[in-house]
Amino acid sequence: MNEEYDVIVLGTGLTECILSGIMSVNGKKVLHMDRNSYYGGESASITPLEDLYKRFNLPGAPPESMGRGRDWNVDLIPKFLMANGQLVKMLLYTEVTRYLDFKVIEGSFVYKGGKIYKVPSTEAEALASSLMGLFEKRRFRKFLVYVANFDENDARTFEGVDPKKTTMRDVYKKFDLGQDVIDFTGHALALYRTDDYLDQPCQETINRIKLYSESLARYGKSPYLYPLYGLGELPQGFARLSAIYGGTYMLNKPIEEIVIENGKVVGVKSEGEVARCKQLICDPSYVSDRVSKVGQVIRVICILSHPIKNTNDANSCQIIIPQNQVNRKSDIYVCMISSAHNVAAQGKYIAIASTTVETADPEKEIKPALDLLEPIEQKFVSISDLFAPTDPGTESQIFISRTYDATTHFETTCDDIKDIYKRMMGSEFDFEEMKRKKNDIYGEEEQQ
């Protein structure tokens, strides 16, 4: 371990593992350590079920009705992958997909007036949806056609809208869309957690809706994918990628000190030895003095013996409860998966509800989601602090990831990865560039 590395990475959460893989592909010498004995850090999948009970300090063993403990892989942080999103691109470009199998999530639903409805995202679905009246449907259809044709590089598709100036609120007005439609468009299609986006330029929102529609077009049932055996497979896939390119991994390594000289990181001390480095990537838990708390998330893992009502017995789905519907500032999310994804015993379902904490009684805040899941066989409640770095790393060369937020997809995590990459390398993250570097190492594509 007493060696010199280009980059040392602490923690094996998804963000850290992807960056470790990218740095290795870029020809950097990487050492990756974690104080835990398992991969994934905050974003681990816990197996067997007995370990989940221990982790949440529940007394006794799981009841026999839960089946074999080994059949369970329960994500601590629930997220899906957008089929056309950034993480899937990273997986494809790095070929980490060869280590993983994905299944499409069966449906995406939105909550309105105490009931849940399928999210309409194609013209045909919009016209058949019971979420809107007839005239509203026509206006929404026009809006979807506009979004589909919109191209930020072709002013002829703008129809009088300035993508960098016109607010999204004004675009909704232009199509005369009502509050309910605005709610599900902003929260279930563009996947915003709050309504702040309404007064910002519309380009970002239109691109988000396009991403949703294009993701949906790839596989049909919903825009989301999920890996068999749980999200814990993702960091391990990138860890393998890093290893192929000569990265070194060490689990179970207590980190005693991050060694700093003249305000700049020079190494990491573990078990009496110092590994030297030029740059350091880590999650907030390794540098509590360089991060600040920016909020909290409550997550409730629920084990069910039945699919969620009004979802056509889907074996997997996402439900979004827009904040307006429950008088909140932020949305509540539910991700549900089941034995179909090899994460639960036969006939069992795992539903995970999450939201940003806004009051002193977070369990009451999340109740509208839990009401949709009754009866619940077992609940595991966690309230996590959200941290963001106070040190951008320019001087110290310490690059700290953000805590995983309450969203149910990985787009914000990928933004963080690209942001850290840019601060470390001084240039934008470029998928194509990475692909070329990979070909250099493997030889030309034809030979594979």
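The values are calculated or read from the model by the stated rules, or taken from the named source; none is laboratory data. All figures in this text were calculated on a predicted structure; none of them were measured in a lab. We place every Cβ from the backbone using ideal geometry, glycine too, and count neighbours over all the protein chains shown. Just so you know, the surface numbers come from the protein's heavy atoms only, side chains and all, with ligands and any DNA or RNA stripped out. Shrake-Rupley method; radii C 1.70, N 1.55, O 1.52, S 1.80 Å.
Being at pLDDT 90 or above and basic (Lys, Arg) is a property that holds for Arg35.
The selection criterion, being open to solvent by 40 Å² or more (accessible area, probe 1.4 Å) and closer than 14 Å to Ile209 by Cβ, does not hold for Asp176. Are any residues in the range 287-306 open to solvent by 30 Å² or more (accessible area, probe 1.4 Å), of a type outside the set (Val, Ile, Thr) and in contact (Cβ under 8 Å) with a residue 40 or more places away in the chain, and if so, which ones? Correct list: Arg290, Ser292, Lys293, Gln296, Ser305, His306. Of the numbered conditions (1) open to solvent by 10 Å² or more (accessible area, probe 1.4 Å); (2) within 30 Å of Ser401 (Cβ to Cβ); (3) of a type in the set (A, V, I, L, M), Met90 satisfies every one except a single condition; which is it? Single failed check for Met90: (1).
Can you pull out every residue in the range 63-84 that is out of contact with any helix residue (DSSP H, G or I) (no Cβ under 7 Å at 6 or more places or on another chain) and either open to solvent by 20 Å² or more (accessible area, probe 1.4 Å) or free of Cβ contacts under 8 Å to residues at least 60 places away in the same chain (or both)?
Pro63, Glu64, Ser65, Gly67, Arg68, Arg70, Asp71, Asn73
Listed here are the strands (runs of 3 or more DSSP E) enclosed by the range 175-267 that have at least 1 residues being farther than 26 Å from Gly133 by Cα and assigned by the TED database to the domain that holds Gly21: 248-250, 257-261.
Give me the residue from the range 327-382 that is aliphatic (A, V, I, L, M) and part of a loop (DSSP other than H, G, I, E, B) and, out of that set, surrounded by the most Cβ atoms within 10 Å (Cβ to Cβ).
Taking the range 327-382 as the starting set, the residues that turn out to be aliphatic (A, V, I, L, M) are 332, 334, 336-337, 340, 343-345, 350-353, 357, 360, 366, 369-370, 372-373, 376, 381.
Still in the running and part of a loop (DSSP other than H, G, I, E, B): 343-345, 357, 360, 366, 376.
Working: Val343: 26, Ala344: 23, Ala345: 19, Val357: 20, Ala360: 7, Ile366: 23, Ile376: 13.
Step by step, filter the range 327-382, then rank; the result is Val343.
Determine if the range 42-62 includes at least one residue that is outside the structural domain of Arg276 (by the TED database), touching a Lys or Arg at 6+ places or on another chain (Cβ under 9 Å), farther than 21 Å from Leu234 by Cα and surrounded by 16 or more Cβ atoms within 10 Å (Cβ to Cβ). Among the residues of the range 42-62, not one is outside the structural domain of Arg276 (by the TED database), touching a Lys or Arg at 6+ places or on another chain (Cβ under 9 Å), farther than 21 Å from Leu234 by Cα and surrounded by 16 or more Cβ atoms within 10 Å (Cβ to Cβ), which makes the answer no. Checked against (1) under 27 Å from Phe410 (Cα atoms); (2) surrounded by fewer than 18 Cβ atoms within 10 Å (Cβ to Cβ), Pro235 passes all but condition (2). Does the range 16-23 contain any residue that is outside the structural domain of Gln325 (by the TED database), hydrophobic (A, V, I, L, M, F, W, C), buried (at least 17 other Cβ atoms within 10 Å of the Cβ) and more than 17 Å from the chain's Cα centre (by Cα)? Yes, the conditions are met somewhere in the range 16-23.
Within the range 187-212, the set of residues being open to solvent by less than 20 Å² (accessible area, probe 1.4 Å) and either within 19 Å of Cys317 (Cα to Cα) or at pLDDT below 95 (or both) comprises His187, Ala188, Leu189, Ala190, Leu191, Ile209, Tyr212.
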